[in-house]
Amino acid sequence: MFSYWKLFKSTFMISMFTVGGGYVIIPLMKSKFVDEFHWISDEETLDMVAVAQSTPGIMAVNTAIMLGWRMGGIAGALTGMFATILPPLIIISIVASFYDLTASNEYVKLALKGMQCGATALLLNVAVDLLKKQFSKKLFLPTAIIIATFVANVFFDVNIMLLVAIDGVIGFFLMRDEKYS
């Protein structure tokens, strides 16, 4: 059952652990809002992240705003936004206060490197899960889009935003059939 307090507490905690970029939010959102609370589906999570990624601003904040809006209208959107902004604001304020001490501290550097490894593992897990889902559907076009996008970005250094836009156009025109859903 939805409550603003649950939304605030959950998005606050997710924001606390979204280290390494916005994509880390995907497995955390899935775990909390899909698996635990059953507020949204897997597909809605991915749709929200896709829209949040393509709009200006921080992906985690954009996603929290959309989730909040979906669950509780304007009050929900504001709740999600503030809960997502507070942890980095608090942490950055503390770090900035002690910048000279933390910037050169070898232990802090090592802890951050470890956190980056964990974030990378989460991203890889999400990518593998998404790829498995597409392969299990045995659909040629979505699989071809995934492979082509990966190859274009990794081997030919095509801008990822351009690729996402192209993929969106392809999806819009060629994947209207429900069999691709």
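The values are calculated or read from the model by the stated rules, or taken from the named source; none is laboratory data. Values in this document were obtained by computation on a predicted structure and should not be read as measured data. Reconstructed Cβ throughout: ideal geometry from the backbone, glycine too, with neighbour counts over all protein chains shown. Only protein heavy atoms, including side chains, enter the accessible area calculation; ligands, DNA and RNA are left aside. Shrake-Rupley method; radii C 1.70, N 1.55, O 1.52, S 1.80 Å.
Any residue in segment 150-158 that is of a type in the set (Gly, Ala, Ser), in a helix (DSSP H, G or I) and in contact (Cβ under 8 Å) with a residue 60 or more places away in the chain?
Taking every residue of segment 150-158 in turn, none turns out to be of a type in the set (Gly, Ala, Ser), in a helix (DSSP H, G or I) and in contact (Cβ under 8 Å) with a residue 60 or more places away in the chain.
Screening PHE135, PHE82 for residues that are touching a helix residue (DSSP H, G or I) at 6+ places or on another chain (Cβ under 7 Å) and open to solvent by 80 Å² or more (accessible area, probe 1.4 Å) leaves exactly one candidate, PHE135.
One line per residue, one yes/no per condition, for (1) small (Gly, Ala, Ser); (2) farther than 19 Å from LYS9 by Cβ; (3) in contact (Cβ under 8 Å) with a residue 24 or more places away in the chain; (4) surrounded by 13 or more Cβ atoms within 10 Å (Cβ to Cβ):
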position: VAL51; (1), (2), (3), (4): no, yes, no, yes
position: ALA64; (1), (2), (3), (4): yes, no, yes, yes
position: ARG70; (1), (2), (3), (4): no, no, yes, yes
position: ALA75; (1), (2), (3), (4): yes, no, yes, yes
position: LEU89; (1), (2), (3), (4): no, no, no, no
position: ALA96; (1), (2), (3), (4): yes, yes, no, no
position: GLU106; (1), (2), (3), (4): no, yes, no, no
position: LEU122; (1), (2), (3), (4): no, yes, yes, yes
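Looking only at residues of segment 48-94 that are of a type in the set (Val, Ile, Thr) and outside any helix (DSSP H, G or I), we find that the one that is farthest from the chain's Cα centre (by Cα) is THR55.
Scanning segment 8-27 for residues that are modelled with pLDDT of 80 or more and not aliphatic (A, V, I, L, M) gives PHE8, LYS9, SER10, THR11, PHE12, SER15, PHE17, PRO27. Is it true that THR102 is open to solvent by less than 30 Å² (accessible area, probe 1.4 Å) and part of a helix (DSSP H, G or I)? Against the criterion (open to solvent by less than 30 Å² (accessible area, probe 1.4 Å) and part of a helix (DSSP H, G or I)), THR102 does not qualify.
Within segment 34-49, being among the small types (Gly, Ala, Ser) and open to solvent by 60 Å² or more (accessible area, probe 1.4 Å) holds for no residue. The set of residues in segment 159-181 being outside any helix (DSSP H, G or I) and either among the small types (Gly, Ala, Ser) or surrounded by 15 or more Cβ atoms within 10 Å (Cβ to Cβ) (or both) consists of MET175, SER181.
The requirement of being at pLDDT below 90 and either more than 22 Å from ILE26 (Cα to Cα) or not polar (S, T, N, Q) (or both) is satisfied by PHE172.
Would you point out which residue out of SER15, SER31 is crowded, with 16+ Cβ neighbours inside 10 Å and in a helix (DSSP H, G or I)? Steps first, answer last, please.
Values: SER31 fails: crowded, with 16+ Cβ neighbours inside 10 Å.
Going through SER15, SER31 in turn, just one is crowded, with 16+ Cβ neighbours inside 10 Å and in a helix (DSSP H, G or I): SER15.
When HIS38 is tested against (1) free of Cβ contacts under 8 Å to residues at least 24 places away in the same chain; (2) assigned to a helix (DSSP H, G or I); (3) over 27 Å from ILE160 (Cα atoms), exactly one condition is not met: (2).
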